[in-house]
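*Asks:* Below is one structure. I have some questions about it.
Each reported figure results from applying straightforward, stated rules to the coordinates on display, with no laboratory input. Since this is a predicted model, take the numbers as computed values, not measurements. No Cβ is skipped: glycine too gets one built from the backbone with ideal geometry, and neighbour counts run over all protein chains shown.
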Amino acid sequence: MIHVFVGPTLPGSEPLLAAPGVRPLPPVRHGDLFDTSIRSGDTALILDGVYHQAPALRHKEILGALDRGVRVIGAASIGALRAAELAPYGMVGVGRIYNDYVRGTIEGDDEVAVGQAPDGDFRALTWPLVNLRHVLRLAQSHEVLDGERADRLLAALRAVYYPQRTWAAVRAVCRREDETAFVAWLAEQLQDDRHFGDLKRADALAAVRTALGGEAVPSSSRRAPAPWSSAYFIRWANAFARTSVDGLELSTQDRLLYQQLFDPEFRTTWAAYLEHRSLHPADGGPGLPLAVRLAQATGGDLPADRVFHPAVDLLDTETVALLLAGETGEDRRAVARYAAALAHERRARRGFTVDAVRDDLTRRLLQRVWQCGELDFDAEASARGLVSGARAVAEAKRLVPGLLQEMSETTERTEAAGATR
């Protein structure tokens, strides 16, 4: 499968995007490459991406996709820039814009940035510098401009902020610079060919053809974490990890948190996970029984959960299977209800965030669920893999709206049943 992240550079009606095996997607953003439907052996073709109106795709997300066997190609827009930056790590670049980035002829995101329609159809409303630069080169080859005038005009056009660099703005700048002959020539070319000078489009089409003609990356077994991996990368991956189960699309992170908070046996599950990680370290080092590792670290005076706090990788199927071993169908349905309750709060209360949930309320709710007092709160949180009481409170806040809703409904049912007796 070829997953094409595209927006202003190519219209959705472009015939190549309807080719068998091509999956057109909106411009790439932070988290999109964690999509579980992008599998080892697939190709991710990055053309367009957001970076102003939403969090941008991080470089390590591309490295993560490459590491799990996805062929990643970049061209035309932000994909060309990222391919130039990550070519030494295996990302493939296509087209003239990519080559210009590699040679250092152009630099920075502003070269390919465009303003786009706000209604979701991703139409480009402005001219990117790479296209203007290309048009000015064509004008020189047609002897409409000389090199000095072209350079002066490019500098003037570059001074216009990219969301304001419309066709009207381009004409105005050219008139101000007394280059009306160039404007007339360009208008004539565009009348004959509406894609005239659109270097981004030409590169994007070349990249789609490259993806269609390329060989799939062979599947590979899971390797030890790459040296560039970090706690931040794992945190991003976990935040976007989702699973489809029982007809429900659920956050894997929420599924785990629900077990940590509500499964009375999760202390045993976490202990088994620590034992597994001790015998099979994520860094590929030698395995040791947990008791031996604990004795080496502390002399055995502390419980293992108070000493070892391994990062949990929710993209690792073995880890997920171990930690969700006690999950039931009702648990998954509860996770879906809790997610819906949180979404309702965000819609109903303008500006609501989980940080607005009171710490003291969350703490009391957890103590009630865990049936523990204040003195035992930290130990209980640690035994459930939540490190500390403070961390447990911070993590649990996103489930509080659902828990309160559930408690309220239970109270109402109890009162209704009592009234009918």
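*Asks:* Considering the dipole of the chain built from charges on the beta carbon (Lys and Arg +1, Asp and Glu -1) around the Cα centre, which of 147, 404, 388 is farthest to its positive end?
*Replies:* Projecting each Cα onto the dipole axis, the largest value belongs to 404.
*Asks:* With labels modelled as points extended 7 Å from the Cα through the Cβ direction, what inter-label distance (nm, one decimal) is found for residue 355 paired with residue 51?
*Replies:* 2.6
*Asks:* With a Förster radius of 60 Å, plug the Cβ-Cβ distance of residue 105 and residue 375 into 1/(1 + (r/R0)^6) and report the FRET value to the nearest 0.05.
*Replies:* 0.35
*Asks:* Taking the square root of 5 times each eigenvalue of the Cα gyration tensor, what semi-axes in Å does the equivalent ellipsoid of segment 129-200 have, largest first? Numbers along the way, then the final one.
*Replies:* Working: eigenvalues 51, 43, 29 Å².
Sorted largest first and rounded, they come to 16, 15, 12 Å.
*Asks:* Here is a follow-up. Whole angstrom only: what separates the Cα centroid of segment 165-183 from the Cα centroid of segment 81-156?
*Replies:* That distance is 18 Å.
*Asks:* I'd like to verify something in the chain: which complete DSSP H helices, judged by Cα projection on the helix axis, reach 27 Å or more and average at least -0.5 on the Kyte-Doolittle scale?
*Replies:* Those that pass (Cα extent of 27 Å or more, hydropathy at least -0.5) are 400-419.
*Asks:* Principal axes first, then extents: for the Cα atoms of segment 277-421, list largest minus smallest coordinate on each axis, whole Å, largest first.
*Replies:* Computed over the Cα atoms, the extents are 61, 36, 34 Å.
*Asks:* May I pose another question? Going 7 Å from the Cα of residue 152 along its beta-carbon direction, which residues of segment 166-186 have the amide nitrogen within less than 19 Å of the resulting point?
*Replies:* 170-186
*Asks:* Could I ask something else about it? What does the highest-first list of 316-327, 2-13 look like by mean Cβ count within 10 Å?
*Replies:* In decreasing order of mean packing, 316-327, 2-13 become 2-13, 316-327.
*Asks:* Amide H neighbours of residue 72 under 5 Å, at least 5 residues apart or on other chains, H built in the peptide plane: list them.
*Replies:* Here the answer is 44, 92, since their amide H atoms fall under 5 Å of that of residue 72.
*Asks:* Suppose R0 equals 30 Å; then what is the FRET efficiency for residue 316 and residue 206 from their Cβ-Cβ distance, rounded to the nearest 0.05?
*Replies:* The formula returns an efficiency of 0.25 here.
*Asks:* Binning at 20 angstrom from zero up to the longest distance, how are the C-alpha pair distances of the chain distributed in percent?
*Replies:* Spelled out bin by bin, the chain gives 21, 42, 27, 9, 0 percent.
*Asks:* Could you check what % of the DSSP bridge pairs in the chain are antiparallel, to the nearest 5?
*Replies:* In the chain, DSSP labels about 25 percent of beta bridges as antiparallel.
*Asks:* Of 278, 46, 11, whose Cα points farthest to the positive end of the dipole of the chain (charges on the beta-carbon: +1 Lys, Arg; -1 Asp, Glu; origin at the Cα centre)?
*Replies:* Checking the options against the dipole of the chain, the answer is 11.
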